[in-house]
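Only one structure is covered here, and it is reproduced in the block below.
The values are calculated or read from the model by the stated rules, or taken from the named source; none is laboratory data. All values derive from a computational prediction rather than experimental measurement. Glycine gets a Cβ as well: all are built from the backbone with ideal geometry, and neighbour counts include every protein chain shown.
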Amino acid sequence: MVAKNPKAVRDALARNRREAKEVAEKLGVKKLRELLRRVEHDLVLRLHRAEGLHGPGKDSFTATQQRIVLAQVRDITKQLTKGMKDQLVSSARTIAEKSTESVIDYLQEAETAFRGLGAQALPLNDAAILQSTMSGVESTVLRRLASSGEQIAGANEVPHKAKKGILQRYGMEVIGHFEDAMSEGMVGRKPWSEVRADIVSNSSFLQDAPAYWAERIVRTETANAQNRSNLLAMRGANEDLEDMCKILSCVFDFRTGSDSIAVHGEIRRLNEPFSTWFGLSQHPPDRPNDRGLVVPHRVCWPIPPDLQPRPDAEILARWKLEKKKGAPPSRPAPMSTIPLYLFGK
């Protein structure tokens, strides 16, 4: 029998409260409470199906995970002080409450049954980043594309090449539905297939489009939220370390595009955008299906070999494999805005 891990469980709940406080300050208590209410409602329905006649059963991994998330969502909802804007009951005060102790006991039991489940905190910050009320036009890639080139209030400070027809395909209201569905799915740890079904149900255009279009939206927007969350964490760390930078890293496999190879290893200060074949971007993705990552790095560290730029010949080889005509665009110049001789000093 696996031993319980009370510290890991308590740490997860404490992180939930910290992130909830941050999100409440940026998003607003009312918006956060609405998000949690929708997640709770969805989890109750999913649990009912999981525990039903044709479901995996109440003691399954799926049902246990859903009950864990539900317990955490309800715990955070209790901490939101009703009627007091941007206030959370302090962790020190609530950690000893009987109701909180019962949540801890349950999570420890789940941790015993399925190692690692009980100690997983909720991705509240990542989910909130998908909300336009917190992040403005930059909240999703779809909003950035829809607003590119438009002279509107709050437009993205970093220009992107506009994708023709994106407003006609979706519209801002539908994009808002997409963001809600993906936020709820992220907090509720919903399978991508179910999140994809949710966004398709909110778009008559997607109902007639190939199935991979919706999958692409979910994957791209999830990557966008996680990379933006990473960048915000880097900026926080830089307040203490003062020499943080970011390095663009792509995933190398048979699906890797020549455009991704061209920008791999690009180095920028935290407030500087990366330069890509598709325009400027503070972090990946710079296009749909981009699987790039923004990697935190310190100038006092040497640059590891796996984050070094790839040779031009490799870019050209992939360009030809993609059967593209002519020569590929030039890679960004400079690849690093920080002199390379400073690294590792």
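Annotations for the structure displayed:
- The residues in the stretch 215-242 that are over 17 Å from the mean Cα position of the chain (by Cα) and farther than 18 Å from H283 by Cα can be counted, and the count is 4.
- Filter result for S201 (surrounded by 21 or more Cβ atoms within 10 Å (Cβ to Cβ) and polar (S, T, N, Q)): no
- Taking residues in the stretch 155-180 that are among the acidic types (D, E), and partners anywhere that are in a loop (DSSP other than H, G, I, E, B) and modelled with pLDDT of 65 or more, the pairs with Cβ atoms closer than 7 Å and at least 6 places apart or on different chains are E179/L130; E179/Q131; E179/T140.
- Members of the stretch 26-75 that are of a type in the set (G, A, S) and touching a residue at least 24 places away in the same chain (Cβ under 8 Å): G28, A71
- Applying the set (1) under 21 Å from S135 (Cα atoms); (2) buried (at least 18 other Cβ atoms within 10 Å of the Cβ); (3) at pLDDT 90 or above to L248 leaves exactly one unmet item: (1).
- Scanning the stretch 166-218 for residues that are farther than 28 Å from A20 by Cβ, touching a helix residue (DSSP H, G or I) at 6+ places or on another chain (Cβ under 7 Å) and not in a helix (DSSP H, G or I) returns Y170, S203.
- Matching residues in the stretch 299-345 - criterion: being touching a strand residue (DSSP E or B) at 6+ places or on another chain (Cβ under 6 Å) and not hydrophobic (A, V, I, L, M, F, W, C): P332, S336, T337
- Checking each residue in the stretch 291-315 for being out of contact with any helix residue (DSSP H, G or I) (no Cβ under 7 Å at 6 or more places or on another chain) and surrounded by 15 or more Cβ atoms within 10 Å (Cβ to Cβ) picks out H297, I303, L307, P309.
- All conditions in (1) in contact with a helix residue (DSSP H, G or I) (Cβ under 6 Å, 6 or more places away or on another chain); (2) aromatic (F, W, Y); (3) part of a loop (DSSP other than H, G, I, E, B) hold for F254, with the sole exception of (1).
- Any strands (runs of 3 or more DSSP E) falling wholly within the stretch 260-343 and containing at least 1 residues that are among the hydroxyl-bearing types (S, T, Y) and closer than 21 Å to R216 by Cβ: 274-276, 279-281
- Check on D290, modelled with pLDDT under 95 and under 28 Å from T140 (Cα atoms): yes
Yes/no per residue for (1) in contact with a strand residue (DSSP E or B) (Cβ under 7 Å, 6 or more places away or on another chain); (2) in contact (Cβ under 8 Å) with a residue 12 or more places away in the chain; (3) assigned by TED's automatic domain parsing to the domain that holds R169:
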{"residue": "E184", "(1), (2), (3)": "no, yes, yes"}
{"residue": "R189", "(1), (2), (3)": "no, yes, yes"}
{"residue": "D208", "(1), (2), (3)": "no, no, yes"}
{"residue": "I217", "(1), (2), (3)": "no, yes, yes"}
{"residue": "M234", "(1), (2), (3)": "yes, yes, no"}
{"residue": "H264", "(1), (2), (3)": "yes, yes, no"}
